[in-house]
Amino acid sequence: MGSAFAKAVNDLDEESFQALYGRWDPLEPAEVAELFRASSVRWWIAGGRAARIGAPARHHEDTDVAVRLDDVDELRKDLAGWHLWEANSGTLRPLLSGDTLTAGCEQLWARRSAQQPWQLDLLLNRGTDEWVFKRDARIRVPWERALHTVDGIPYLRPEIVLLHKAHLDRPKDRADLAAARLDPGARAWLADALTQTGNHSWATLVRTGQLLAVPGTGVPAPW
């Protein structure tokens, strides 16, 4: 999310956002699991839903589903019949049959048709043999450590989700940080990763435990 335009989009309230880009009716994690039940693609739930595993729930405007960039071709086969759009720097572009991803694209939105709501927010991770943080490739975690399964559904671990959320630092991100259930090892890893990436304010919050839950509302953070 680098441009002033993209920031302005993220600052829209949910009603204004959906009026501009179209309605969202996200699949629940169990519905995502059913959709990909027979898929060979490695996928997992990310975003606020993953950050709050084992913690009190909040309203979610979308469901972040992450896949490896290397699996996009297989993903497109699995989602035959869906319309995929690139979400990049505040703009949307249809990914037509036979088309290739724009260089640097890290996110896709999916819906059945223009008459239907958006239902999947797909994040593209560049890791192959391990999870790789898109903002600092020095931070890598083996897949077996990065993901965990809850009720048969793979989720990104909360501390890794919160590393993604730190640079946004919206009220709902602070609320997710305050609510997250982190064991001492996860908390230490997050604090170290935040320090390594220069986010010292969040690193201090994590180390000291001085987290204040702030009611979080807003629109998806798609860029």
(request) Taking His83 as meeting all but one of (1) open to solvent by 70 Å² or more (accessible area, probe 1.4 Å); (2) of a type outside the set (Val, Ile, Thr); (3) not in a strand (DSSP E or B), write down the number of the exception. (result) (3)
(message) Need the failing condition index for Glu15 against (1) in contact (Cβ under 8 Å) with a residue 12 or more places away in the chain; (2) over 26 Å from Thr102 (Cβ atoms), just the number.
(response) (1)
(message) Filter segment 86-108 down to the residues that are over 16 Å from the mean Cα position of the chain (by Cα) and hydrophobic (A, V, I, L, M, F, W, C) and list them by number.
(response) Leu92, Leu95, Leu96, Leu101, Ala103
(request) Please specify each residue of segment 86-100 satisfying the condition of being open to solvent by less than 50 Å² (accessible area, probe 1.4 Å) and part of a loop (DSSP other than H, G, I, E, B). (result) Gly90, Leu95, Asp99
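Given Ala186, Ala166, Ala146, which one is under 27 Å from Thr128 (Cβ atoms), among the hydrophobic types (A, V, I, L, M, F, W, C) and touching an Asp or Glu at 6+ places or on another chain (Cβ under 6 Å)?
Sole residue among the options that is under 27 Å from Thr128 (Cβ atoms), among the hydrophobic types (A, V, I, L, M, F, W, C) and touching an Asp or Glu at 6+ places or on another chain (Cβ under 6 Å): Ala186.
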(request) Within segment 171-199, track down each residue that is open to solvent by 50 Å² or more (accessible area, probe 1.4 Å) and within 26 Å of Glu61 (Cα to Cα). (result) Pro171, Arg174, Arg181
(request) Output the residue which, of all residues in segment 14-27 that are over 24 Å from Ala50 (Cβ atoms) and out of contact with any helix residue (DSSP H, G or I) (no Cβ under 9 Å at 6 or more places or on another chain), is surrounded by the most Cβ atoms within 10 Å (Cβ to Cβ). (result) Gly22
(message) Being farther than 16 Å from Tyr155 by Cβ and touching an Asp or Glu at 6+ places or on another chain (Cβ under 6 Å) is true for just one of Trp24, Trp85. Which residue is that?
(response) Trp24
(message) Can you tell me which condition Glu34 does not meet? The list is (1) of a type outside the set (Gly, Ala, Ser); (2) under 27 Å from Gln115 (Cβ atoms); (3) in a loop (DSSP other than H, G, I, E, B), and all the others hold.
(response) (3)
(request) Looking for whichever is under 18 Å from Lys172 (Cα atoms) and aromatic (Phe, Trp, Tyr) here; the options are Phe17, Phe36. Which one fits? (result) Phe17
(request) Could you please find all residues in segment 130-185 being small (Gly, Ala, Ser) and either assigned to a loop (DSSP other than H, G, I, E, B) or within 24 Å of Leu35 (Cα to Cα) (or both)? (result) Ala137, Ala146, Gly152, Ala166, Ala180
(message) Given the criterion open to solvent by less than 80 Å² (accessible area, probe 1.4 Å), among the aliphatic types (A, V, I, L, M), in contact with a Pro (Cβ under 7 Å, 6 or more places away or on another chain) and at pLDDT 95 or above, identify the matching residue among Ala46, Ala50, Ala66, Ala30.
(response) Ala50
(message) I'm trying to understand the selection: among the residues of segment 153-179, which are more than 17 Å from Asp64 (Cα to Cα) and among the small types (Gly, Ala, Ser)?
(response) Ala175, Ala178, Ala179
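The values are calculated or read from the model by the stated rules, or taken from the named source; none is laboratory data. Keep in mind that this is a model prediction, so the values were computed, not measured. Please note: Cβ atoms are built from the backbone with ideal geometry, for glycine as well, and neighbour counts cover all protein chains shown. Just the protein is used for accessible areas: all its heavy atoms, side chains included, with ligands, DNA and RNA removed. Shrake-Rupley method; radii C 1.70, N 1.55, O 1.52, S 1.80 Å.
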